[in-house]
Structure formats: C-alpha cells, structure tokens
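> Before we start, here is the structure in question, set down as structure tokens.
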Amino acid sequence: MTMDSSSSEVEQRFLVNLAGIIDILSKHLYSGPQVFIRELLQNSTDAISARKNHSKEGEAPGSIRVTLLPKRSEQQPSQLIIEDNGCGLTEDEIHQFLAVIGQSSKKEFLENPTHDYIGQFGIGLLACFMVSDSICLQTRSVKQADRVLQWTGRPDGTYQVIAIEQSMAIGTRVILTAKPEGEEYFTDNALQRWMLYYASYLPYSITLDTASETGFRINPQPAPWLWSDYSGKAFLDKAIVIGEKYFRGPFFDTIPLKTRAGKVQGLGYITACTSSEHQQQHLIHLKGMRLTKSSQNLLPDWAFFVRTIVNADDLRPTASRESLYEDANLLAAKEELAEQLIGYLVSMAENEPEKFQHFVSCHQMALKSLVLENHYFCLKIAPHLTFETNLGTMTLACYLEKYPKIRFVDHVDSFRQFAQISTAKQECLINAGYSYCREILTLYAHLSQTDIEALDPQSLVSQLNETELDPLLLARFINKAKLLMHDVCPNISVKRFLPAQVPALYISCEKKFFIRAATKNKEQSDDLWSEIIDSVIEPLESYAFSELCLNANHSLVMSLIQCDDAMQLAKCLKIIYVQSLLMGHFPLSAHEMEILNEGLVAMMANSLNVVSSSQTQH
C-alpha cells in the first residue's frame, strides 16, 4: 500500500480521548475523586487573587461559598454549587482555558516570582468529571461585566457556551450534579471533611451551606505561619495545640521555620520520645492549600524526629498536586531548613545543657548520624555527647578537661578487659563499642587536632609490666602451663598489673569473640548447622588471638609458679581461666561449664574434709 505524497505533507494534529484522560487522572494521577473539591477551591482562590492583583482598592474582600443541595430522588441527584467573587472569564478566555487541556489561565503570570496563583497545569477542572457527568460554569468577568456566560462541559469532549439572562455579581459559579458513584462525596460530612482537609488555611473566607447547617466557616483561624499576635509561651502553647491536632505527640519543643528559597514558612515540632518510625511526616501547603500530609523528605534523613506544618509560596507542585517537584529551588529550601535545625541544636547544647541532654536521651541515634554528616555540627556538638568510660559516664568535654588524649576501645567486650586495669592505673578509657562512637571520636579528633589512641587486646598485653622472676623458673612454668592447658587456652603469659586482687585476665580479639559465640551456638545446633558453623570459623582460627595473662602480683599465681604437682596445677589454672572468662563477660562453653562445676565441687568437698578432720581430732 502506498501513501499519497500530497496527503503525507499535510500537518496533522493529535486527537485526545477525553474519557481516557479522565480515567488516567482518576486511577493514576490523583489519590481519589475527593480532589475535585481541592481543584474547585483552588480555581476560586486563584480567581480572587487575579481580581485582587488587577483591581482598585476598596473592593469587597474575596470570598468563596459552597452550597450543597441534597438528593431528592433518583431523578433529582445531589448538586454542589461553588461561588466566588473572583475575576470571572470572558468568552475568549472560556474557549482558551476551559476547552484546551493543559492550558492554564495563570500561565502568563507564573514566571513572575510574586504571583499568588496555586494552579498551573490546566487539568484541574477535569477532576470534576470523576463525580459528575457534566460541569456547568456560569461567569461574569471584570473585563466583560455586561454579559453573563454559561459553559457546559461533558466527559465526551463536547461543550457549549451561551449567554444567559441572569443577574450575577462579578465572579464565577460552578454547578455539579452528582452521578451515582459520586454521591458519597456530595454529603454534609464528606464536604466538611475534605474542605477542612484542603482549605483550612486558604487566605480568603470559605463558607459551607448544607441542609443541616448554614454559614459553616471552613477557615476561621489564621494559618500558623501568619501568627503575629503570639510570642513566647503563648506562641508555644498555641503551636502545641495545632501540632497535636495533626501529629501524634507529645512534643519536646516547637520552633519557627523560614527560608528564602521557596519562601517556606511554618512550624517544626521536635518529638519528645524515641520513635521507631523513621519516615518523616510533614503537613505541606502551597499558598495556603494543603498538598499532602506525607513522608516526603522535606528535611534531611537524620531529622526524622521533626514534624512540620509549613507553607511554600514559591515551590512547584507535581501535576497531581500531592507532592513537591524535586528541583533546585526545593533542594535549596531543604538546605536552609537543615541549617536552621542545626543552629537550634547547637544553641540548645551551648545554652541549655540539661534540655540538650534530655533531647539526646530521646534522639541519640539521629544526633550521632548528624554529627558524622556535618563537620561544623561535629565540632559544636560532639563535646556535649556522653560516653561510657571505666570511671563512669561523662561528656567528651569533661573527659578532655582531665585527659588531653582520647583513648578508647572499639569493642564492648574488649572494654571490659581493659576497664579494671585502666581504673587501677587511674587512667580513663572510653568504651566506643556502641553505634557511631568510634567514628565520632575519630572525626572529632581529626577536626579538633586532638591526640587519639585506639587500644586493642594485643596492645593491652604489651602495656603490662614484666615480672622480676627468675627467667628459667618462669619459662619452665609457662611451658608446663601451656602443656596442661592446651585443650582450653594454649597461650599463657605472666605479667605484673593492678589490681593485685585479679589473678588473671583473658584477652582476645574480635575474631576470637565471634568464634567463641559461634562455638556456643554449635553446641545447641543439629549436625547440618554444626557443619555450617565449622566451615565459617575454621578459616578464622589461624588469625584469632587469645591469651590467659596471669598476674604475678597475686599470691595464688606466685604459689602456682612454685607448684610441682601437675594435677593440682592443671585444676587451679583451669579454674582461674574460667574465672577470667566470667570477669570478662564471655559466654562459657559446655566444657568450660564442666570445669567450673568440677572446681566448685572439689573446693566444697575439700572444705568438708577439712571440717570433718578437725572434728575428728577434737
């Protein structure tokens, strides 16, 4: 088949199936049919703003009135009438803006940074077809005040414009007749609910008239970002009431937020308790119209403890108008909001330390995450963070006042091994075995040029003092001890250290910790899991370090060094070994539990024998 060349050169236009477009809007763009309420209120608000921007002073203030006529019968379904005293439309504007999809009457103003218009896509009116089979729009324009026009649109893509003989003030009236599946949105409760949801903070008076109540005011209170009559405690009290209305409290504090980028303004709520919800929640408005109560990340990821009620005058919505469009302006606004939160936290840490410690107890992980993300924040906040040490919990600032060098151990079990020795030596050691602690200490030391030292179990052995015992005697004892202990702990050394009451330390690396825990699990597993555990730990055995370090300052150890009875020596060494495991909070294997039990039984039996012998002699 060949195509005629003359017909192929003629420029053609796409055809639009309006019914298909409406189906796409209802099922894929909008969250539900209720958005028709938002779109109508938005159009009325924009029309009032347009009249306000291009009219003389002294005119009546803008207002929107919504009237519900209830369903009387199947032949007389519910009707909704939305009236405003905005600028109205001329006949040319009706053809240009209502009959062309994607053509918004506000487009010529959107490039102006001071525009007051909410809508901009030219598709909002189509949302009405989700609940009505026709849209009747009556309008009288400020530009053509001698005519009242009526536009009637249908979902099949046809429309009609006629002039009507009717008295009407300048503005626009939209009349919707509910189709059967749309009736649920034409009720008193549904209208009140969704109008309050979307329009509580629109700048012009909105009233709802129904059969049950006339003149219900949708937005009687000023928006939180426009409060000018409140300050101090009065501001805080009123802000808390609004916050608890929209979010789950309680709240630790409330702070005002304001940015130049995007002209964002509103309130930030700091939650007062630790939450497992790491999704952000924000009540976002665009020029007073609510977009969403969403988890959109208006703030950095670390600020999941902040809830916001904000309005943006200069950010762009997506086509669905249910989220913000990600562009350079939004990113700049996010950065400004993050800087304000950081400034708030730094000020609290420096000026209200008790309040800050309360905050840290609620949101420790979020705060530590921020410390690692922002160098300025790290320098300001890290000194106020608390760390566990062998001398008790203290802030990093308190630690550095007494100890110019940061010394830490980055494993909780290793810290337990070091703690007693460091305390006896009057040294302070930080336990950095918890989340982010090592990273925070390392980063802060780098930024503040503070000396820092990370200790590990092997370095602990090197810090212990050598003994003054005869080298030959010591070597003979160690060789004998290794032979007797080969099945439990083949690495044995003798050092002098404090406290003298501790007979031995069991020192091991992280790999050895893992191997011990895995071996403990293996004892309670079936053959399959035992084989799997063996395959995991066998490659680590050759790299794992562990050692039983005996304390030559302890009288029992000195007696053992002189002991020639191999059986007694083996029993005592194994008991000391198990005791050192318990002191280090290590899990005991079945074999080690057996050693402990046998030792306790032997000790009690020996004690009873001594008592029995004493009684016999008497």
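> Pick out the one residue from Gly266, Gly288 that is touching a Phe, Trp or Tyr at 6+ places or on another chain (Cβ under 8 Å), under 21 Å from Lys233 (Cα atoms), small (Gly, Ala, Ser) and modelled with pLDDT of 90 or more.
The unique qualifying residue is Gly266.
> Return yes when Thr450 is out of contact with any Gly (no Cβ under 9 Å at 6 or more places or on another chain), surrounded by fewer than 15 Cβ atoms within 10 Å (Cβ to Cβ) and among the hydroxyl-bearing types (Ser, Thr, Tyr) and no when it is not.
Against the criterion (out of contact with any Gly (no Cβ under 9 Å at 6 or more places or on another chain), surrounded by fewer than 15 Cβ atoms within 10 Å (Cβ to Cβ) and among the hydroxyl-bearing types (Ser, Thr, Tyr)), Thr450 qualifies.
> Let me ask another. Checking Ser212 against (1) assigned to a helix (DSSP H, G or I); (2) touching an Asp or Glu at 6+ places or on another chain (Cβ under 6 Å); (3) not β-branched (Val, Ile, Thr): exactly one of these is not met. Which one?
If we test Ser212 against (1) assigned to a helix (DSSP H, G or I); (2) touching an Asp or Glu at 6+ places or on another chain (Cβ under 6 Å); (3) not β-branched (Val, Ile, Thr), just (1) comes out false.
> Confirm whether Glu541 is over 21 Å from Ile595 (Cα atoms) and at pLDDT below 90.
Spelling it out, Glu541 is indeed over 21 Å from Ile595 (Cα atoms) and at pLDDT below 90.
> Continuing with this model, one more query. Give the stretch 335-388 a look and list any residue that's at pLDDT below 90, of a type in the set (Ser, Thr, Tyr) and touching an Asp or Glu at 6+ places or on another chain (Cβ under 9 Å), or say none.
Listed by number, the list holds a single entry, Ser369.
> Got a number for residues in the stretch 325-359 being assigned to a helix (DSSP H, G or I) and touching a strand residue (DSSP E or B) at 6+ places or on another chain (Cβ under 7 Å)?
7
> Looking only at the stretch 210-235, count every residue that is on the phi < 0 side of the Ramachandran plot and either of a type in the set (Gly, Ala, Ser) or surrounded by 15 or more Cβ atoms within 10 Å (Cβ to Cβ) (or both) and tell me the total.
Qualifying residue count for the region: 14.
> Same structure, new question: Could you please let me know if Cys437 is open to solvent by less than 60 Å² (accessible area, probe 1.4 Å), more than 30 Å from Pro587 (Cβ to Cβ) and under 26 Å from the mean Cα position of the chain (by Cα)?
Answer is no for this residue.
> If a residue has to be in a strand (DSSP E or B), charged (D, E, K, R) and more than 19 Å from His54 (Cα to Cα) to count, how many in the stretch 134-160 make the cut?
Of the residues in the stretch 134-160, 1 are in a strand (DSSP E or B), charged (D, E, K, R) and more than 19 Å from His54 (Cα to Cα).
> Let me ask something else. Within the stretch 369-401, count every residue that is under 21 Å from the mean Cα position of the chain (by Cα) and closer than 16 Å to Glu427 by Cα.
So the answer is 0.
> Just wondering, is there one or more residues in the stretch 317-326 that are touching a helix residue (DSSP H, G or I) at 6+ places or on another chain (Cβ under 9 Å) and farther than 25 Å from Gln42 by Cα?
no
> Inspect all residues belonging to the stretch 266-286 and state whether any of them is among the aliphatic types (A, V, I, L, M), surrounded by 20 or more Cβ atoms within 10 Å (Cβ to Cβ) and farther than 30 Å from Ala47 by Cβ.
yes
> Can you say whether Leu367 is in contact (Cβ under 8 Å) with a residue 12 or more places away in the chain and either surrounded by fewer than 17 Cβ atoms within 10 Å (Cβ to Cβ) or of a type in the set (Gly, Ala, Ser) (or both), as far as the supplied structure shows?
No.
Residue-wise test of (1) surrounded by fewer than 18 Cβ atoms within 10 Å (Cβ to Cβ); (2) touching a residue at least 12 places away in the same chain (Cβ under 8 Å).
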| site | (1), (2) |
| --- | --- |
| Ile421 | no, yes |
| Ala424 | yes, yes |
| Glu427 | yes, yes |
| Ala432 | no, yes |
| Leu441 | no, yes |
| Ala454 | yes, yes |
| Ser459 | yes, no |
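> Another question about this same structure. Would you check if Ala60 is within 16 Å of Ala169 (Cβ to Cβ), exposed (fewer than 14 other Cβ atoms within 10 Å of the Cβ) and either of a type in the set (A, V, I, L, M, F, W, C) or at pLDDT below 75 (or both)?
It is true that Ala60 is within 16 Å of Ala169 (Cβ to Cβ), exposed (fewer than 14 other Cβ atoms within 10 Å of the Cβ) and either of a type in the set (A, V, I, L, M, F, W, C) or at pLDDT below 75 (or both).
> Let me ask you something else. When the stretch 395-419 is examined, which residues are found to be open to solvent by less than 30 Å² (accessible area, probe 1.4 Å), of a type in the set (A, V, I, L, M) and over 25 Å from Ser508 (Cα atoms)?
Once the filter is applied, which keeps residues that are open to solvent by less than 30 Å² (accessible area, probe 1.4 Å), of a type in the set (A, V, I, L, M) and over 25 Å from Ser508 (Cα atoms), the stretch 395-419 yields only Leu396.
> Does Glu165 meet the test of being in a helix (DSSP H, G or I) and farther than 20 Å from Trp225 by Cα?
no
> May I pose another question? Among residues belonging to the stretch 288-324 that are in a loop (DSSP other than H, G, I, E, B) and under 12 Å from Gly266 (Cα atoms), point out the one that is least open to solvent (accessible area, probe 1.4 Å).
Among them, the one singled out is Gly288.
> List the residue pairs whose Cβ atoms are under 9 Å apart, where the first residue sits in the stretch 209-237 and is without any contact (Cβ under 8 Å) to a residue 12 or more places away in the chain and under 16 Å from Met289 (Cα atoms), the second is of a type outside the set (Lys, Arg) and not in a loop (DSSP other than H, G, I, E, B), and the two are 6 or more positions apart or on different chains.
Every condition considered, the pairs that remain are Pro220/Ser205; Leu226/Gln265; Leu226/Asn311.
> Do we have any residue at all in the stretch 374-388 that's touching a strand residue (DSSP E or B) at 6+ places or on another chain (Cβ under 8 Å) and over 21 Å from Ile342 (Cβ atoms)?
yes
> To continue, here is another question. Could you check how many residues of the stretch 336-354 are touching a residue at least 12 places away in the same chain (Cβ under 8 Å) and open to solvent by 30 Å² or more (accessible area, probe 1.4 Å)?
5
> Can you pull out every residue in the stretch 383-407 that is in a strand (DSSP E or B) and farther than 16 Å from Cys437 by Cβ?
Selection gives nothing.
> Could you list all residues from the stretch 432-447 that are modelled with pLDDT under 95 and either aliphatic (A, V, I, L, M) or under 17 Å from Lys402 (Cβ atoms) (or both)?
Ala432
> May I ask you to verify whether Tyr201 is over 14 Å from Ser63 (Cβ atoms) and within 32 Å of the chain's Cα centre (by Cα)?
yes
> Among the residues of the stretch 446-494, how many are assigned to a loop (DSSP other than H, G, I, E, B), more than 39 Å from the chain's Cα centre (by Cα) and of a type in the set (Ser, Thr, Tyr)?
1
> Here's another thing I want to ask about it. If Ile170 passes every condition in (1) under 43 Å from the mean Cα position of the chain (by Cα); (2) open to solvent by less than 70 Å² (accessible area, probe 1.4 Å) but one, which one does it miss?
So Ile170 meets the others, but not (1).
The values are calculated or read from the model by the stated rules, or taken from the named source; none is laboratory data. Every value quoted in this text rests on a predicted model; they were computed, and no experiment measured them. Please note: Cβ atoms are built from the backbone with ideal geometry, for glycine as well, and neighbour counts cover all protein chains shown. Please note that ligands, DNA and RNA were not included when accessible areas were found on the heavy atoms of the full protein model with its side chains. Shrake-Rupley method; radii C 1.70, N 1.55, O 1.52, S 1.80 Å.
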